[in-house]
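Heads up: the structure comes next, in C-alpha cells.
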Amino acid sequence: MLVFRQVHKAYATPQGPLTVLAGVDLVLAPGESLALMGESGSGKSTLLHLAAGLDLPDAGEVSLAPRPALLLADEPTGNLDETTAGEVLELLLALVRDTGGALLVVTHSPRVAAPLDRCLRLSRGRLADDRSPEPLA
Ligand SMILES: Nc1ncnc2c1ncn2[C@@H]1O[C@H](COP(=O)(O)OP(=O)(O)OP(=O)(O)O)[C@@H](O)[C@H]1O
Ligand SMILES: [Mg+2]
C-alpha cells in the first residue's frame, strides 16, 4: 500500500542543510490505519507530503500501490470539537475498513491516535513504535 525504504529528506536553510528524515522505513498494509505523532517540526508533514507524491525524497524509495485508496490526513480533526472529531475519525476508519484501503493520520492528539491500529512517533528523523503510556490530553 505504502512503503518507505531508507528515505532521507533534508531542506536547504541559510544555516545549512536541515535533515528531517534520516533513513525512514515504513510499511502500511491494506486495511491498516496508522497514527503518526511527534513534536512540532519533527517532520510529520514532510513524511506525508512524500507519501502523497507532493515532494520527492533525497535518497531512498517511496513505493505507492495505486489501489485501493490510501487516505492521508494531516491533523484532520485539529479544529473540531471532541464529538465531531470522533465522528470524522469513525468515518475515515469505516472507509478504510469498507474499501480495504489504508489510513495514515498525522496528529498531536493521543485521543485521535488511540483507535488506530498502530502509532509511530517521528523523532530526530527516525520512526519508532509508540504506544507510550502518555496521559490523554
Ligand atoms: N520547505 C522548507 N524549507 C526549509 N525548511 C522546511 C521546509 N518545510 C519544512 N521545513 C522544516 O522542516 C522541519 C519539519 O517540518 P514539518 O512541517 O514536516 O514538521 P511537522 O512535524 O509537520 O510539524 P507540525 O507538528 O508543527 O506540523 C521543521 O523544522 C520545518 O521548519
Ligand atoms: Mg505538520
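The values are calculated or read from the model by the stated rules, or taken from the named source; none is laboratory data. What you are looking at is a predicted structure, and each value in this text was computed from that prediction instead of being measured. Note that we place each Cβ from the backbone using ideal geometry, even for glycine, and neighbour counts take in every protein chain shown.
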Output the number of the condition that residue 49 fails; it satisfies all remaining conditions of (1) touching an Asp or Glu at 6+ places or on another chain (Cβ under 9 Å); (2) over 20 Å from residue 126 (Cα atoms); (3) crowded, with 16+ Cβ neighbours inside 10 Å. (2)
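Within segment 28-40, is even one residue in a strand (DSSP E or B) and charged (D, E, K, R)?
no
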Could you list, in sequence order, the residues of segment 41-85 that are modelled with pLDDT under 95, over 16 Å from the mean Cα position of the chain (by Cα), more than 16 Å from ligand 2 (Cβ to nearest atom) and part of a loop (DSSP other than H, G, I, E, B)? 65, 66, 67, 68, 80, 81
For the list (1) more than 18 Å from residue 117 (Cα to Cα); (2) more than 16 Å from ligand 1 (Cβ to nearest atom); (3) free of Cβ contacts under 8 Å to residues at least 60 places away in the same chain; (4) hydrophobic (A, V, I, L, M, F, W, C), I need the number of the one condition that residue 95 fails. (1)
Which is buried (at least 19 other Cβ atoms within 10 Å of the Cβ), part of a helix (DSSP H, G or I) and at negative phi, of 112, 105? 112
Residue pairs within 7 Å by beta carbon, gap of at least six or interchain, first lying in segment 19-38 and at positive phi, second outside any strand (DSSP E or B) and among the β-branched types (Val, Ile, Thr), listed first then second, are 31/96
Among (1) within 16 Å of residue 27 (Cβ to Cβ); (2) touching a Ser or Thr at 6+ places or on another chain (Cβ under 7 Å); (3) hydroxyl-bearing (Ser, Thr, Tyr) - the single one residue 63 does not satisfy: (2)
Take the residues of segment 4-25 that are of a type in the set (A, V, I, L, M) and out of contact with any helix residue (DSSP H, G or I) (no Cβ under 8 Å at 6 or more places or on another chain): which is farthest from ligand 1 (Cβ to nearest atom)? 22
